[in-house]
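Student: Handing you this structure, nothing more for now.
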Amino acid sequence: MQAELEEAVGLAEAIALNVVAAQVIAVRKARPGTLLGTGQLDQLAALVKEHDAALVVIDGAVSPIQQRNLEKALEAKVIDRTGLVLEIFGERAQTREGTLQVELAHLMYQQSRLVRSWTHLERQRGGFGFLGGPGETQIETDRRLIRERIAKLRRELEDVRRTRALHRQRRQRAPYPVVALVGYTNAGKSTLFNKVAGAEVMAKDLLFATLDPTMRAIRLGREDKVILSDTVGFISNLPTQLVAAFRATLEEVIEADIILHVRDVSHPDSEAQKADVLRVLEELGVLDDDGPTLVEVLNKVDLLPVEERDAVLAQAARHKDVVAVSALTGEGLDTLRERLADQLYAHARLHEIEVDQADGRRIAWLYSHGDVIGRHDGETHVRLQVRLSPAEFGRYQQLR
């Protein structure tokens, strides 16, 4: 309970809210009208008044009716976990796609709450001469505007996703493996990404510091080129509509050859966080037998007491798919690069292939489907050193 409360406080602080009080309230049976019992509501109202709080965040799901009644009783704005996460996503989104996804998720959330204010929708659409026909109530106007905006956003998102699909096809034709970083929010993915890729991605001690996917081409040992992708962090109880709205953000994970599951092993709820991440990955279908290789990266070992640190290092030494690192200090990163290279080489082999100089089709195919690391041009033939996966080598042999 305490760890969940601390996470809720962290979510609030992620958008610079000043948290003046935080407490756990045991709700044995949720009241349909107010969620809380009368006595609990009175205590909370007194706490809000004592601190002159303008906002109350409830770390759970609150129905529209409960939200309205709570706001009347507490005389303060009330938002639930979904609303808070949406606010964070809205502040973090940088790319066109991320902004569209945030707005779509926000409108789907508002749609169930029949928000009466329509001025924000008017601004988004560039303004109207009038807002509805004769006799149309404000609620009906809200519903219609939200439906129209959602339909428009979905069309725009499809255009963005088609563009992303084309980019993925280009990467597949220039067959560089994709390594995707996933993990619980604040596990240190962006710090690790920056260390490995030499990039400058926002990496702060904040929940959801990264929202939009970021990619960099890097080289591992033995001349391997790899596309490294940083993704949005997961949290427990992430609302279904948010997972769906951010499907495109997670497409890099679905398409990845290797998934690095970055864990904060210094966190008291590290195992529970691991279970939350694996649950989402399972829902995405990436844990199937034919899915990407999963490598567990035990991060922040520099924060562990000596005995726990030794146990984590011993665990990593026993398992080839587990690596212990400190993204902050750089400890273990050389080992991580070696493990990545080994995993890639486990699926691709180096072939020396001789092709007739005039056979431009085969030469082009090898360049587009393999990693050509050496070439010698003779008078009549070209000798290529090409790294191909077993499947691609089989396809090459079938060429006519």
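Student: Listed highest first by mean packing, meaning other Cβ atoms within 10 Å per residue, what order do 177-189, 19-31, 262-274 come in? Kindly include the intermediate steps, with their values, before the conclusion.
Tutor: Details: 177-189: 25.4, 19-31: 10.8, 262-274: 18.8.
Taking the mean over residues of other Cβ atoms within 10 Å, the ranking is 177-189, 262-274, 19-31.
Student: Shifting gears a bit: Note down the magnitude of the dipole of the stretch 249-399 about its Cα centre, charges +1 on Lys and Arg C-beta and -1 on Asp and Glu C-beta and zero elsewhere, to the nearest 20 debye. Please list the in-between numbers first.
Tutor: Working: 16 positive and 31 negative charges, 91 e Å.
That gives the stretch 249-399 a dipole magnitude of about 440 debye.
Student: Expressed as a whole percent, how much of the Cα-Cα distance distribution for the stretch 349-398 exceeds 17 Å? Mind dumping the intermediate values first?
Tutor: Details: 294 of 1225 pairs.
Considering the stretch 349-398, 24 percent of its Cα-Cα pairs are separated by more than 17 Å.
Student: In addition: If I model a spin label at ARG219 and GLU6 as a point 7 Å from the Cα along the Cα→Cβ vector, what separation in nanometres do I get?
Tutor: It is 4.2 nm.
Student: Can you tell me which of 374-380, 76-82 comes out highest on packing, and rank the rest after it, using the mean Cβ neighbours within 10 Å?
Tutor: On the way: 374-380: 9.7, 76-82: 19.0.
Packing proxy ranking, top to bottom: 76-82, 374-380.
Student: Additional query: Which entries of LYS77/LYS152; LYS29/LYS274; LYS49/LYS77 show an alpha-carbon separation above 24 angstrom in the structure shown?
Tutor: Numbers: LYS77/LYS152 30 Å; LYS29/LYS274 29 Å; LYS49/LYS77 13 Å.
As for pairs spanning more than 24 Å Cα to Cα, those are LYS77/LYS152; LYS29/LYS274.
Student: Give me the net charge of LYS49's neighbourhood, meaning all other residues with Cβ under 11 Å from the Cβ of LYS49; Lys, Arg count +1, Asp, Glu -1.
Tutor: Details: positive: none; negative: ASP42, GLU50, ASP52, GLU75.
Its environment carries a net charge of -4.
Student: Taking the stretch 283-361, which trypsin sites (Lys or Arg not before Pro) meet the DSSP loop condition and have no more than 15 other C-beta atoms within 10 Å?
Tutor: Values: sites: LYS300, ARG309, ARG318, LYS320, ARG337, ARG339, ARG349, ARG361; in loops: LYS300, LYS320.
Loop-located and lightly packed - LYS320.
Student: Grab the alpha carbons of the stretch 311-400, take their convex hull, and tell me the volume per residue in Å³. Don't skip to the answer; put the middle values down first.
Tutor: Working: hull volume 9.7 nm³, N = 90.
Convex hull volume per residue, Cα atoms: 108 Å³.
Read the figures in this text as sums done on the coordinates, not as results from a lab. Small disclaimer: the values here were computed from a predicted structure and weren't measured. Every residue, glycine among them, receives a Cβ derived from its backbone with ideal geometry; neighbour counts consider all protein chains shown.
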